[in-house]
Amino acid sequence: MLKITVVGGGSTYTPELISGFLQRVDSLPVHELCLVDPSPDRLRIVGGFAQRMVAAQGNPFQIVLTPDPREGLRDANYVIVQLRVGGMAARREDEYLGYRHGLIGQETTGVGGMANALRTIPVVLQIAEDMQRLAPGALLVNFSNPAGLVVEALSRIAPHVDSVGLCNVPITVKMELLEIWGEPCDPLTVHLDTLGLNHLSWHRGLTVAGQDVWPQILARVLDRLRSEPQPEWQPVLIETLGAIPNYYLHYYYHTAQKLAAQREWPPSRAEEVMAIETQLLDQYAGTERADPPPGLMERGGAYYSTAAAQLIEAHYHDLGQIHVLNVPHRGAVPGWPEDWVLEMPCRVSRAGIESLPVEPLPPACSGLVTQVKAYELLTVEAAVHGDRRAAYQALLAHPLGPAGGRIQAVLDDMLQTNRPLLPAFWA
C-alpha cells in the first residue's frame, strides 16, 4: 500500500494528477494521496474537488489535506514536489523583471528563471532534509520549475535522498511525433532520444517497438515545416542538426522575436494563467462538480499526470521502463562532468533510476549546454549560501543575461523584488 504526498497540492494542476492515479487503481495500490499546501483557501477548494473526484469513483484511495509539510511527508513512499514559491504573483514578477531590463522575461530561463530558482531551491532542500527523517527511502519527484536546476541542487546538497526531475515536454513531444508517425502502437514501447538540460534539449531519435523510425519522422517534420508560411523552425536548422530543438530554445535562437512579442504585454503569460486559474478555482469550488473542467488544458502541462503516474508505476513495479528524466548522468555522456544533471533517457526500476549511455551532442549544441550549466552551478551556489558574488557570476555566465554594465542593476532589482522570499541574501 502506497502513500503519495503532493507538496503544492493546492495547484490547479492537481486534479489532472488525481485523474492519473484514478486511471491506475488496478495497477498502483495507492491507499493515501496527501495534498500539502500552505494556502487554506487553495487546500479547501482544490482538496475538496479532489475528494469529490475520488468519491465519484468509489473512494479507491483516501485524499488527506494538510498545511503542514512534515505531517504530509511522514511515512510517504513518493513525494511529488510541484510548488511555486511566492505563487503566481512571484511568476509575474519574474517575467516583468526581464521586461524592465530589456531581457527575456520567463519563469524558467534567463533572469526570471534565476529568480525562481533562488526562491525554490532552499525550500525543496528543506523538503529533502525532512524526508530523510520522516520518509526514509522515499523517492522525491520534482516537477517544480526550473526542474533540472532544482535537481542539480538536490543531487549536490542532498544526495542522501533519491530524487529525479520530471518535465512534461518530452512526453508531449513523443505523443506529437507519434501522431506524425500515424501507426497504432503502445506509447510505452516508444522511446524518445532527448539530450541536454531541462528546457534546453534536443530531440534526435525515436524508436517504436525497437524499430528506428527517426529518418521517416524527421522527413515528415521537414515536409510540414516547408509547407508552412511561418514555420516554427527553419527547415535548414532541423536538417543541419538532424534534431528537433526543445520549444524553449526559441528564447536562445529567436531572442529578438521573443523580445518583440514581449513588448506587447500586458498580459504576460503569468497574467494569462492567473485569469485561467481564477476560472478554474471557481469551477473546482462548485459542489456538484466531480470531473476536471475542459479549461484545465488551457493551464498548460499536457500529459503531466501521465508522466508522473507512469514514472511512479515503473519505479514501484520494477518495470525497467525507459523515461526521459533529469538526473546526474554518471558518465553516460562522454566528455561531460559525471555529476552534471542532464535531461536524458533513463531506465526506471526499484534499484534506482539509471541514465543510459548516449552519443554526445554536436558542438553547436554542446557549447550552449556548457555555458548554461555554468550558470546553473553558480545559481545553486548562490541559492544555498545567499552568495551575491555567485549570483552576479551566474548572470554574467547566462547567454540571456544582461550586458556586463547592467549586471549589478539587474541583480539588485531581482533581490529587492524577491526580498521577503530570499532571507539568505538579507541575513
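Just so it is clear, none of the values below were taken in a lab; they were calculated from the coordinates. Bear in mind the structure is a predicted one, so any value in this text is a computation, not a measurement. Every residue, glycine as well, gets a Cβ built from its backbone with ideal geometry; the counts of neighbours run over all protein chains shown.
Here are some notes:
- Where both bridge residues fall in the range 113-242, DSSP classifies roughly 75% of the beta bridges as antiparallel.
- Distance between modelled label sites at residue 253 and residue 374, nm, 7 Å Cα→Cβ extension: 2.3 nm
- The DSSP beta bridges internal to the chain are antiparallel in roughly 55% of cases.
- Using a cutoff of 8 angstrom between alpha carbon atoms and counting only pairs six or more residues apart, the relative contact order for the range 254-387 works out to 14 percent.
- Reachable aspartates and glutamates from residue 258, criterion Cα separation under 13 angstrom, eight or more residues apart if same chain: 95, 232
- In terms of overall dimensions, the C-alpha atoms belonging to the range 1-65 reach 32, 20, 16 Å along their principal axes, ordered largest to smallest.
- Mean Kyte hydropathy of -0.5 or more with a Cα span along the axis of at least 30 Å, helices from DSSP in the chain: 110-134, 363-385
- Calculated SAXS-style log₁₀ I(q)/I(0) at q = 0.09, 0.11, 0.19, 0.21 Å⁻¹ - the range 270-426, Debye, Cα scatterers: -0.51, -0.75, -1.11, -1.14
- Whole-number percent relative contact order across the chain, with pairs defined as alpha carbons under 8 Å at least 6 apart: 17 percent
- Answer label for semi-axes √(5λ) of the Cα gyration tensor in Å (calculated), chosen among (1) 36, 24, 22; (2) 48, 28, 19; (3) 30, 28, 23: (3)
- Dividing the radius of gyration of the alpha carbons in the range 14-170 by their Kirkwood radius gives 1.00 for Rg/Rh.
- Summed over qualifying helices (DSSP H, 4 residues or more, each -39500 (n - 2.57)) and divided by its residue number, the chain shows a 222 nm mean residue ellipticity of -15000 deg cm²/dmol.
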